[in-house]
Amino acid sequence: MPSTVFFHRRARRLAPAAGLLLCLLFGAGCRQDMANQPKQRPLSPSDFFGDVRSERPLVEGTVYRGQIEDEALAVPGDSDAFPLPVTKELLERGRERFNIFCSPCHGLDGDGNGMITVRGFRHPPSYHIDRLRQAPVGHFYDVITNGFGAMSDYSAQVPPRDRWAIIAYLRALQLSRNAPAAELPSNLRERLKTGDAAP
């Protein structure tokens with residue numbers, strides 16, 4: 001029993017010294033060498049290369065990750081070819097992505113009355129105007145990818161498949177306000193004739 005008490009007393013006296021020793025060991029591992037080592041800052045000149053540029057151009061033929069998928073779903077701006085089958089799942093995904101990325105400016109209905117316009121920013125055009133209803137789907141893909149006017153590009157935030165989902169949903173929004181009466185089901189055509197607005 002006395003040896004146990006002696007051990008505890010000695011351990012209590014040595015604890016501060018052991019803590020100080022651990023701090024010194026830890027501090028010895030934290031050096032400034034990495035922060036002070038020779039390195040190139042972005043766009044700084046370099047004598048190592050003949051053109052004196054530290055930033056190097058991409059090697060010819062470089063393919064970035066995802067480039068092949070991006071190119072497979074890309075269409076020219078004047079194309080009306082939709083590269084994916086339009087399914088209920090694609091439209092649901094498009095609605096979700098539209099509400100996240102597009103509705104702050106374009107509004108939930110695509111009429112250009114999003115929340116940022118309420119706060120004084122520029123109104124984007126409504127998707128329901130003739131010019132945009134008649135625009136090919138390639139136009140919308142190009143605008144989402146590269147931006148247009150005051151709208152910045154969303155290529156980093158929205159992958160190609162989601163861009164097409166948004167475009168499919170956008171077309172559904174446009175159709176919801178401009179569907180030809182001849183294409184409506186017969187019960188809805190009858191309600192239009194009688195002027196009955198009740199569901």
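Phi angles across the range 182-187 convert, under the Karplus curve 6.51 cos²θ - 1.76 cosθ + 1.60 with θ = phi - 60°, into 3J(HN,Hα) values of 5, 8, 7, x, 4, 5 Hz, Gly and Pro given as x. From least to most packed, judged by other beta carbons within 10 angstrom and beginning with the fewest, ARG56, ARG191, ARG97 follow the order ARG56, ARG191, ARG97.
Per-residue Cβ neighbour counts within 10 Å put ASP109, ASP47, ASP142 in the sequence ASP47, ASP109, ASP142, beginning with the fewest. Remark: the range 127-144, residue by residue, has Karplus-estimated 3J(HN,Hα) of 6, 9, 6, 4, 4, 7, 5, 8, 5, x, 4, x, 4, 5, 4, 5, 5, 5 Hz, where x stands for each Gly or Pro and the curve is 6.51 cos²θ - 1.76 cosθ + 1.60 at θ = phi - 60°. Highest mean first, the peptides 80-87, 180-187, 98-105 sorted by other C-beta atoms within 10 Å per residue fall in the order 98-105, 80-87, 180-187.
Here the relative contact order of the range 68-194, from alpha carbon pairs under 8 Å that lie six or more residues apart, stands at 32 percent. Counting neighbouring Cβ atoms within 10 Å and putting the fewest first, the residues ILE166, ILE116 line up as ILE116, ILE166. Amide H contacts of MET151: none lie under 5 Å away among residues 5 or more positions distant or on a separate chain (H built 1.01 Å from N in the peptide plane; Pro and chain starts excluded).
Coordinate-derived values only; no laboratory data. All of these numbers come straight from a predicted model, not from anything done at the bench. We place every Cβ from the backbone using ideal geometry, glycine too, and count neighbours over all the protein chains shown.
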